[in-house]
There are 4 protein chains.
Amino acid sequence: MTGNSFGMIFRMTTWGESHGAAIGVVVDGCPAGLELSVEDIQHELDRRKPGVSEITTERKEADVVQILSGVFEGQTLGTPISMLVWNKDVDSRPYEERKHVARPGQADFSYQMKYGLRDYRGGGRASGRETAARVAAGAIAKKILTAYGIQTIGHVVEVGRIRAREVGFEDLKKNVERNAVRCADLDAAVRMEQLIKEVKAEGDSVGGIVEIIATGVPAGLGEPVFDKLDAELAKALMSLGAVKGVEIGAGFEAARLKGSEMNDEFFIEDGRIKTKTNNAGGILGGISSGEPVICRIAVKPTSSIAKPQRSVDMAKKQETEIKIKGRHDPCICSRIVPVAEAMVALVLVDCLMRTTVCRNHYK
Amino acid sequence: MTGNSFGMIFRMTTWGESHGAAIGVVVDGCPAGLELSVEDIQHELDRRKPGVSEITTERKEADVVQILSGVFEGQTLGTPISMLVWNKDVDSRPYEERKHVARPGQADFSYQMKYGLRDYRGGGRASGRETAARVAAGAIAKKILTAYGIQTIGHVVEVGRIRAREVGFEDLKKNVERNAVRCADLDAAVRMEQLIKEVKAEGDSVGGIVEIIATGVPAGLGEPVFDKLDAELAKALMSLGAVKGVEIGAGFEAARLKGSEMNDEFFIEDGRIKTKTNNAGGILGGISSGEPVICRIAVKPTSSIAKPQRSVDMAKKQETEIKIKGRHDPCICSRIVPVAEAMVALVLVDCLMRTTVCRNHYK
Amino acid sequence: MTGNSFGMIFRMTTWGESHGAAIGVVVDGCPAGLELSVEDIQHELDRRKPGVSEITTERKEADVVQILSGVFEGQTLGTPISMLVWNKDVDSRPYEERKHVARPGQADFSYQMKYGLRDYRGGGRASGRETAARVAAGAIAKKILTAYGIQTIGHVVEVGRIRAREVGFEDLKKNVERNAVRCADLDAAVRMEQLIKEVKAEGDSVGGIVEIIATGVPAGLGEPVFDKLDAELAKALMSLGAVKGVEIGAGFEAARLKGSEMNDEFFIEDGRIKTKTNNAGGILGGISSGEPVICRIAVKPTSSIAKPQRSVDMAKKQETEIKIKGRHDPCICSRIVPVAEAMVALVLVDCLMRTTVCRNHYK
Amino acid sequence: MTGNSFGMIFRMTTWGESHGAAIGVVVDGCPAGLELSVEDIQHELDRRKPGVSEITTERKEADVVQILSGVFEGQTLGTPISMLVWNKDVDSRPYEERKHVARPGQADFSYQMKYGLRDYRGGGRASGRETAARVAAGAIAKKILTAYGIQTIGHVVEVGRIRAREVGFEDLKKNVERNAVRCADLDAAVRMEQLIKEVKAEGDSVGGIVEIIATGVPAGLGEPVFDKLDAELAKALMSLGAVKGVEIGAGFEAARLKGSEMNDEFFIEDGRIKTKTNNAGGILGGISSGEPVICRIAVKPTSSIAKPQRSVDMAKKQETEIKIKGRHDPCICSRIVPVAEAMVALVLVDCLMRTTVCRNHYK
C-alpha cells in the first residue's frame, strides 16, 4: 500500500529500486520563489555518497542529480519538484546466485512474505540507496530552514563501545566534517576509525549512535496531540532502515532521573524565557520551546557481513549458509549523518508550514 | 493545525481538555460486524484509571464511557464510533493562582507561545487525561486484534535505576496485573513500589522504562519506506507526553553490537521460517517478520512535583518559584502501560488493514 | 473505511446515526483566538431546522448544539472543537416494519451490500440528518471567512420546471430569507411554494437547483492540479446525498458556447485586474481569480414519498410494494441552502489556510 | 501547497511543466504481482495523443513513456511505479513575446496572483499536457479493473448544440473509436466534425459534453459520508482544467423530476436485486449499487483561440489585445475521453481497495 510519501504540507514521495533504472523523489508543497540550483542538491548528495573513504563501501555511486520540474529560471514555481538520479555502477551478479536466501537482518524475508515477489538485486526498494532521494528532498528543506535561521547538524557520538566526549557547538561544527567518521571528538574519531577497520577486516560490522541538533528552531512547532514534533521526528528517524531507537533530549536516561533532576527550570535572559538545562531536548508537550532540538538514533551494525551466517533458502524451504560478498559499509554511522539531518530538516519545514496556518488569522 | 487524528485506515480523532466538559474520541474505519459493548471499552479505561493504588494520583476519575454512535444492536455498523467521558471530580482552583507560571517540564510555555492563549486548568489539552480517549479507541483495536490472534501486553521493566529480571512470557502475563507497578518480576516490583513511595514522600517523582510485546503478529505488516511498522510505532509511542525515547528489539544496545551478534539467523521449525534470536524486535526492513514485536519506551519522571522549582511568570515576564500542589502520580509508568498497549494495538490494526489491500487482488 | 472527515487543514469529522443517541462533529485545525459562542453555531442550525414551514418535514428537531471542547473563555484554543446535538423527537416505529425493504432512491440497498448490516431507523448514517453536523462546522468556517471579508450565500434558482429570474446581489441577500423556499425572485417563490404543496398533496416530491455564491474570495485559492478549488467544491457539494450534479460558472451551458463567448476578457478597474463576464465562476485553472465564486447544484426530488413504489424485501429476497409514511420534506431545496453554504465555506477556509503556507516564506 | 496527489490507497503524484524537461507520475499503492508492460501504458497515451486528426492540435507529442521503477521481470513489485515522458517538439517562442499578457480563460492570471511567478511557456503546470501523466497512471488502474471485470468507457455526447442519439452499449463500444470525435452516434459525429472544422476556420473553439460509463462495478464501493463514490468522481473529473460541470445519472435533469419519476424501483432478476431504471447513475447514498456508473462532464470550449481578445498585460498593468497563435485543439472533447476514463478508473480502483478493508475481518 501507499507508504512512500512523507510530510503533510511539505511532502516528498520517493521511488526506485537499488538496481533499477533510477531512483528519485517528487517534492510537493515547496513554496514558490525559492532560489534553487542543482548544486544545492548535489552538495548534500555528495556528503552521503559512498566510496569516499576507506571506512565506507567501495561501490562508486556518481549520484548525479537532475531536476526535471518545479524550477524555472533558478526559482521554485510552487509546483512539484521532480528529481532523479540514474543508477550507475550496478553489479547485480552477486545477488543472482543467492536470490532465494534470506540475508539475516535484511528485508528479504519480510518483503517476500508481504509481496510474494521482490527485486532481490541490491536489496531492491529496501536498499539504503533509497535514502539518496531523502537527501535530495532534504537539501531543499535545509535551504528553506536557512532562510529562517534554522540549522541542522548531525555527528557520530558512539561507535561500538567508543563514546565521544561532549564538545561545544562551535567545535562540533568545525570538527565534524574533518574526519571520515564524522565524530566531533577528534581523539575518539581516531579510535572509532580504528575499530571500524578492525571489524571490516574480520568481515564483520559495527553499530553506533548519531546525534542531530537543530538550532534556531522557534517556539511553537509541532501539533498536539499525535503530530507532536518529537513524534514526527521519531517516525522520520525510525523510518531509516538501520535505526533501532530514537531518543529526544535526556532520552532513555530520563528513566533513571527524578522529576527535580529532569525538569528544566525556566529563567529570563535578555527578556526571553529560556531553560537552564535542556533535558527536554527543546520540546515540551510535543511543541518546540525555542531551545535547541536534540535527537539521538541507535544505528545497528550493517546487516551485510562477509562472515558466514546460518539462513534459509526461501524457495527450497531449507536451511543453508550465506556469506555476503558485495561491497558494504562496515559501519553506516558516518553516512547516515546527512540522511538523518535531511529527515530532521524535512520534519522541521513541514512543522513550520503547519504552524504558519495556526496564527494571525483574525485581526 | 490538525494533529488530533491518528491512523490512516483505522483512524481515531480525539478531543477534549482536562477540565473541560468532556473528553472523547471518534473512531473512523472500524469494519462493520464487530461485536462491541460498553464493557469492552470500560474494562480498558479502568486499567488506566487513577486513584486505584497508593502509588498513583488520588484524583478520582470515574471515567464512565458512553458510546454515542456506530454501534447498533451490539455490532459495529462500519460508521464512526463516537465515545465520550464526562469530566468529573475536577478541581481547577490550584491552577487559577499560578495560571501564568510555566510549570517546568510541562507544555504551558510552548502552548502559550504557539497559540497565544491556553486552557491552563489541569494542563488543558496537554494533560495526560487525553490518553483516556486513546485507550477507549485502543480497546476497539484490541478487540479486532483478538480475532486475528494478536495480543499486546505491556509491563514495567525499569523504575529509577531498579531493573526487572527477564521473565518468561507466560509468567509475564500472570504477574503483570498482580502488583501496582505492573512489573512482571515480583521482587523488583516490591523495590520499585518502595522507591516510588520514597520519591512521593520527598515531593518528587521518578521515571522508568515500559516494554510492550505484541505476539501473533503475522509477517508482512508495515509499509515501506516511510510508513514502516517501527516508524509508525515510534510515532505512536513518542506521541505520549511522558515518553522521551522509543526502541525496537535490541534498540540502543544495537549500537554496541557487531553485525554477527546483531543479525538474527534464520532457521526452519515445523515448516515455518523463524529466527533464532529476536534482536530485530520482529521487524525487518520496516515489515513484520512473524516474530514477536518488541518495543520499549523511556518514561520521564512526572513533571508535576511538590518540590519548589524556579520558573517564570509569563504574564509579568519575571522569575518566580513554583510548588505544584494538585494530585499527581509520583511515577506514571504503571498507568502508561494500558495507554502504550492501546497505541501499539492501534498501529497494528491500521497496518493490518493497510496490508489487506496489498494482496490477492489478481486471480 | 474512513470517509467521515473533510478538509485537509481545517478538518471536520462527523459522526452519528439519525435515530442513535446523538450526532456530532469534531473540528480540528481551527486556529486559536477566534471568538466563538454557542449562538454562532445555533443560528446556522436553526436555518437548517425542519418543521419551520408548511413545505418542510413536520419532524421537530430541537437541534440544540453543545460545545464540549476547544473553546475557553469565549475563544477557540486551537484544539479540536467537539460539538454534539442529542437526537430527540425520534420515532423509529415506521422503520421497524419495513426494515428489510430497500426504499427506492435511498441508501438501504447499497449500505446493506457494503456492510452486511445497517441501522435502518431513519436512514441511519445515510440520513440527511447527518448534515446538521456539517452545518455546525460550517458555522465556524463562516465566522473565519467573515474576518476575511468573504461571504457565502445560497438561494434556490429552480424548483421542478419553475425557474427564478436573475436578481441583483443586494436583492438576493434581502429576499432570500423572506420566503420559505429561499428563492430571491419573490414571484417565482410563490409559484414554487404552490408546486411544492401540490406534489406534497400527491404524496410525491420535487427537485430543484440551488446556487451558492461566495463574494470577497481573494485571488489565489485552490491548489493545482488535483486539489483545484472547483474540484474541492465539486466533491464537497456532491457529497450531499441529494445532489446529482455540480456546475461552476457557466457550467453545462459552457458545452454549447464558443471560446470567444465563454472566455472572460480581462480589463483594469481602479488598478485592479478584473474580468468583464464571469463564465469561469471565479475560478481559472482551478485557482480563484478574485471574481465571485459561483456554483450550482442539482437537487434530486426527496426519495421518501408516500406514493406506492415497487421494491424488494432484501431478507426474503422477494418483490414487494412500499409506501413511505414517516415525515418527509416534499422538496429539500430550501433546507439544503444552509448546508450547501456550509460546505462551500468549509472548502474556502481550508483552501485559504492551505494558501497561507504558499507565500511569504523567504525574505 | 501540496495538491498534486490523487487517491488515498492507490495514489498517484504527478509533476512537470508543459515545456520543462519532462512530465511524469509516481503511482504508490499498486499491489504486487500485476503484469504490467510499457505497452499497457503507451496504448492509453496514444489514445490521448494530439496530432492524430484534423480536428486536434497539430503539436506532435511523441509521448513515449518510460517505466523507471516498481516493475521487475514484468510484474509490479508493490513499490512505487515511476513513469516519465520527456517533453519533445516544444516551441516556446510564441509564449515569450506575450508572457505578461493573461490569456482569457486560462490560468495565467490566477497562477501569477497565487505564486508571484510562473512558467509561462505552454501554460506551464496548468497545461493540459499534465493530463498525460494521469492517463499513464490510469492505464495501470484500468489493468487492475479488468481483473475485476470492470470496464470504463467514455464517449462524446454533445458538441456545441449537436446532441448524439442514445445508442446501445455494444454499439457504443464498437463506434466510439471509429471516428475522430469519439461519438458513438456516427451521424452526429459527422455533423460534430463539420462544426469543429468551422469553428477552427473562424479561429474559434467549441465545447461539448462527454459521458463516462463504468460497467461491472460491484455494489458497495464508496465511503460515507464525505468520500462518497459520486463525490470522489466529481472531484476527479472537475480537477480537469476544461471541465465546468459534473453530473451523475439523471444529473441536472433530476431537478425537474418528481420523486416518483426519479426513484429507481427495485426488482429481482436471476436472484439479483436490480433497478428498472438508472436515474441514480449506479450510486445510492454515495455507494455503488451494482448498476452501471454513469457520469457526464461539461467541457468548455478551448480557451486558446486565434480570434483577438481584450486582455491585460500584468507587468505593465495596462489593457491590450491578444491573438493566440500556437497550435491548439478547436474542440478538446475527443481528447478528453481517455483522460476522463483514466480519472474514473483511478477513483474506482481506489474505492475498490478502500472497500476491501471493510469486509471479512472477523470470522
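The values are calculated or read from the model by the stated rules, or taken from the named source; none is laboratory data. The structure presented is a predicted model; accordingly, all values stated were derived computationally and were not measured. Neighbour counts run over all protein chains shown; Cβ positions are idealised from the backbone, glycine included. The area values use the complete protein model at the heavy-atom level, side chains included, leaving out ligands, DNA and RNA. Shrake-Rupley method; radii C 1.70, N 1.55, O 1.52, S 1.80 Å.
Scan the stretch C:272-289 for residues that are in contact with a helix residue (DSSP H, G or I) (Cβ under 7 Å, 6 or more places away or on another chain) and in contact (Cβ under 8 Å) with a residue 40 or more places away in the chain and jot them down.
C:I283, C:G285, C:G286, C:I287, C:S288, C:S289
Name the one entry in A:F267, A:F226 that is open to solvent by less than 10 Å² (accessible area, probe 1.4 Å), farther than 28 Å from B:L195 by Cα, free of Cβ contacts under 8 Å to residues at least 40 places away in the same chain and in contact with a Ser or Thr (Cβ under 8 Å, 6 or more places away or on another chain).
Working: A:F267 fails: open to solvent by less than 10 Å² (accessible area, probe 1.4 Å).
From the options A:F267, A:F226, the qualifying one is A:F226.
Let me spell it out: the conditions are (1) under 23 Å from D:A234 (Cα atoms); (2) touching a strand residue (DSSP E or B) at 6+ places or on another chain (Cβ under 8 Å), and D:R48 meets all of them except one. Which number is the exception?
With respect to (1) under 23 Å from D:A234 (Cα atoms); (2) touching a strand residue (DSSP E or B) at 6+ places or on another chain (Cβ under 8 Å), D:R48 is out only on (2).
Considering the stretch C:1-19 alone, what residues qualify as being within 18 Å of B:G29 (Cβ to Cβ), in contact with a strand residue (DSSP E or B) (Cβ under 9 Å, 6 or more places away or on another chain) and touching a residue at least 12 places away in the same chain (Cβ under 8 Å)? Give the steps one after another, and end with the answer.
Our first condition is that a residue be within 18 Å of B:G29 (Cβ to Cβ); within the stretch C:1-19, this holds for C:1-8, C:11-17.
Filter again for in contact with a strand residue (DSSP E or B) (Cβ under 9 Å, 6 or more places away or on another chain), leaving C:1-7, C:11-17.
Listed by number, the residues that qualify are C:F6, C:G7, C:R11, C:M12, C:T13, C:T14, C:W15, C:G16, C:E17.
In this structure, does D:G138 turn out to be assigned to a helix (DSSP H, G or I) and touching a residue at least 60 places away in the same chain (Cβ under 8 Å)?
Numbers: assigned to a helix (DSSP H, G or I): yes; touching a residue at least 60 places away in the same chain (Cβ under 8 Å): yes.
The answer is yes for D:G138.
With the condition kept exactly as written, say whether any residue in the stretch B:20-38 is of a type outside the set (K, R) and more than 14 Å from every other protein chain (Cβ to nearest Cβ).
From the stretch B:20-38, those of a type outside the set (K, R) are B:20-38; that's our starting set.
From what is left, the residues that are more than 14 Å from every other protein chain (Cβ to nearest Cβ) are B:37.
Within the stretch B:20-38, one or more residues are of a type outside the set (K, R) and more than 14 Å from every other protein chain (Cβ to nearest Cβ).
Would you check if D:A102 is under 20 Å from D:A345 (Cα atoms), within 14 Å of chain C (Cβ to nearest Cβ) and open to solvent by less than 10 Å² (accessible area, probe 1.4 Å)? It would help to see each step written out before you state the result.
On the way: under 20 Å from D:A345 (Cα atoms): no; within 14 Å of chain C (Cβ to nearest Cβ): yes; open to solvent by less than 10 Å² (accessible area, probe 1.4 Å): yes.
For D:A102, the condition - under 20 Å from D:A345 (Cα atoms), within 14 Å of chain C (Cβ to nearest Cβ) and open to solvent by less than 10 Å² (accessible area, probe 1.4 Å) - is not met.
Among what's in the stretch D:297-322 and is β-branched (V, I, T), under 29 Å from the mean Cα position of the chain (by Cα) and outside any loop (DSSP other than H, G, I, E, B), pick the residue that is farthest from D:V181 (Cα to Cα).
Filtering the stretch D:297-322 for residues β-branched (V, I, T) gives D:297, D:299, D:302, D:305, D:312, D:320, D:322.
Now drop any that are not under 29 Å from the mean Cα position of the chain (by Cα), which leaves D:297, D:299, D:302, D:305, D:322.
Restricting the remaining residues to those that are outside any loop (DSSP other than H, G, I, E, B) gives D:297, D:299, D:322.
Working: D:I297: 16, D:V299: 14, D:I322: 29 Å.
Residue satisfying both the conditions and the ranking: D:I322.
Quick check on this structure: which one of C:M343, C:M353 is surrounded by 18 or more Cβ atoms within 10 Å (Cβ to Cβ) and at pLDDT below 95?
Values: C:M343 fails: at pLDDT below 95.
Going through C:M343, C:M353 in turn, just one is surrounded by 18 or more Cβ atoms within 10 Å (Cβ to Cβ) and at pLDDT below 95: C:M353.
Filter the stretch D:107-116 down to residues that are at the interface with another protein chain (Cβ under 8 Å from one of its Cβ atoms) and open to solvent by 40 Å² or more (accessible area, probe 1.4 Å), then give me how many there are.
2
Within the stretch C:128-144, take every residue that is crowded, with 22+ Cβ neighbours inside 10 Å and over 11 Å from C:V25 (Cβ atoms) and give me the one that is nearest to the other protein chains (Cβ to nearest Cβ). Before the answer, list the steps.
Narrowing the stretch C:128-144 to residues crowded, with 22+ Cβ neighbours inside 10 Å: C:128-142, C:144.
The next check asks that each one be over 11 Å from C:V25 (Cβ atoms); those that pass are C:128-129, C:141-142, C:144.
Values: C:G128: 10, C:R129: 11, C:A141: 12, C:K142: 13, C:I144: 7 Å.
Residue satisfying both the conditions and the ranking: C:I144.
Name the residues in the stretch C:209-220 that are at the interface with chain D (Cβ under 7 Å from one of its Cβ atoms) and on the phi > 0 side of the Ramachandran plot, would you? Walk me through it before giving the result.
Taking the stretch C:209-220 as the starting set, the residues that turn out to be at the interface with chain D (Cβ under 7 Å from one of its Cβ atoms) are C:209, C:219-220.
Residue satisfying the conditions is C:G220 alone.
Suppose we filter the stretch C:182-211 for residues that are open to solvent by less than 20 Å² (accessible area, probe 1.4 Å) and not in a loop (DSSP other than H, G, I, E, B); how many remain? Give the derivation first.
First, the residues of the stretch C:182-211 that are open to solvent by less than 20 Å² (accessible area, probe 1.4 Å): C:183-185, C:188-189, C:192, C:196, C:199, C:203-210.
Among the residues that remain, those that are also not in a loop (DSSP other than H, G, I, E, B) are: C:188-189, C:192, C:196, C:199, C:206, C:208-210.
Total meeting the criteria: 9.
For the stretch C:221-270, which residues satisfy the criterion of being within 26 Å of D:E321 (Cβ to Cβ), at the interface with chain D (Cβ under 7 Å from one of its Cβ atoms) and not in a helix (DSSP H, G or I)?
Listed by number, the residues that qualify are C:G249, C:A250, C:L257, C:K258, C:N263, C:D264, C:E265, C:F266, C:F267, C:I268.
Of the numbered conditions (1) surrounded by fewer than 20 Cβ atoms within 10 Å (Cβ to Cβ); (2) within 20 Å of A:S53 (Cα to Cα); (3) in contact with a Gly (Cβ under 7 Å, 6 or more places away or on another chain), A:Q151 fails exactly one; give the number of that condition.
With respect to (1) surrounded by fewer than 20 Cβ atoms within 10 Å (Cβ to Cβ); (2) within 20 Å of A:S53 (Cα to Cα); (3) in contact with a Gly (Cβ under 7 Å, 6 or more places away or on another chain), A:Q151 is out only on (2).
Take residues that are of a type in the set (K, R), touching a Pro at 6+ places or on another chain (Cβ under 9 Å) and open to solvent by less than 40 Å² (accessible area, probe 1.4 Å) and tell me which of the strands (runs of 3 or more DSSP E) falling wholly in the stretch B:1-92 contain 2 or more. Give the derivation first.
Working: elements: B:11-16, B:22-28, B:65-67, B:81-86.
In the stretch B:1-92, no matching strands (runs of 3 or more DSSP E) lie anywhere.
Please determine, by comparing only the residues of the stretch D:271-296 that are facing another protein chain (nearest Cβ under 8 Å) and not in a loop (DSSP other than H, G, I, E, B), which one is surrounded by the fewest Cβ atoms within 10 Å (Cβ to Cβ).
Only one residue fits best here, namely D:I273.
For A:P308, only one of the following conditions fails: (1) farther than 30 Å from A:T356 by Cα; (2) open to solvent by 30 Å² or more (accessible area, probe 1.4 Å); (3) in contact with a Ser or Thr (Cβ under 8 Å, 6 or more places away or on another chain). What is its number?
Going through (1) farther than 30 Å from A:T356 by Cα; (2) open to solvent by 30 Å² or more (accessible area, probe 1.4 Å); (3) in contact with a Ser or Thr (Cβ under 8 Å, 6 or more places away or on another chain) one by one, A:P308 breaks only (3).
Please go through the stretch D:289-347 and give me each residue that is under 22 Å from D:P104 (Cα atoms) and among the hydroxyl-bearing types (S, T, Y), ordered by number. Talk me through it step by step, then tell me what you get.
Residues of the stretch D:289-347 under 22 Å from D:P104 (Cα atoms): D:297-333, D:335-336.
Those that are under 22 Å from D:P104 (Cα atoms) and among the hydroxyl-bearing types (S, T, Y): D:T302, D:S303, D:S304, D:S311, D:T320.
Which one of these is in contact with a helix residue (DSSP H, G or I) (Cβ under 9 Å, 6 or more places away or on another chain), open to solvent by less than 10 Å² (accessible area, probe 1.4 Å) and more than 14 Å from A:G245 (Cβ to Cβ): B:A231, B:A214?
Working: B:A231 fails: more than 14 Å from A:G245 (Cβ to Cβ).
Of the residues listed, the single one that is in contact with a helix residue (DSSP H, G or I) (Cβ under 9 Å, 6 or more places away or on another chain), open to solvent by less than 10 Å² (accessible area, probe 1.4 Å) and more than 14 Å from A:G245 (Cβ to Cβ) is B:A214.
Does C:G259 satisfy being open to solvent by less than 10 Å² (accessible area, probe 1.4 Å) and either within 14 Å of D:A298 (Cβ to Cβ) or touching a residue at least 24 places away in the same chain (Cβ under 8 Å) (or both)? Full working, then the answer.
Details: open to solvent by less than 10 Å² (accessible area, probe 1.4 Å): yes; either within 14 Å of D:A298 (Cβ to Cβ) or touching a residue at least 24 places away in the same chain (Cβ under 8 Å) (or both): no.
Considered against the rule, which asks whether it is open to solvent by less than 10 Å² (accessible area, probe 1.4 Å) and either within 14 Å of D:A298 (Cβ to Cβ) or touching a residue at least 24 places away in the same chain (Cβ under 8 Å) (or both), C:G259 comes out as no.
Are any of the residues in the stretch B:159-175 open to solvent by less than 10 Å² (accessible area, probe 1.4 Å), at negative phi and within 13 Å of another protein chain (Cβ to nearest Cβ)? Let's see the steps before the verdict.
Narrowing the stretch B:159-175 to residues open to solvent by less than 10 Å² (accessible area, probe 1.4 Å): B:159-160, B:172.
Remaining after also requiring at negative phi: B:159, B:172.
Pick out the ones that are also within 13 Å of another protein chain (Cβ to nearest Cβ) and you get B:159.
For the stretch B:159-175, residues open to solvent by less than 10 Å² (accessible area, probe 1.4 Å), at negative phi and within 13 Å of another protein chain (Cβ to nearest Cβ): present.
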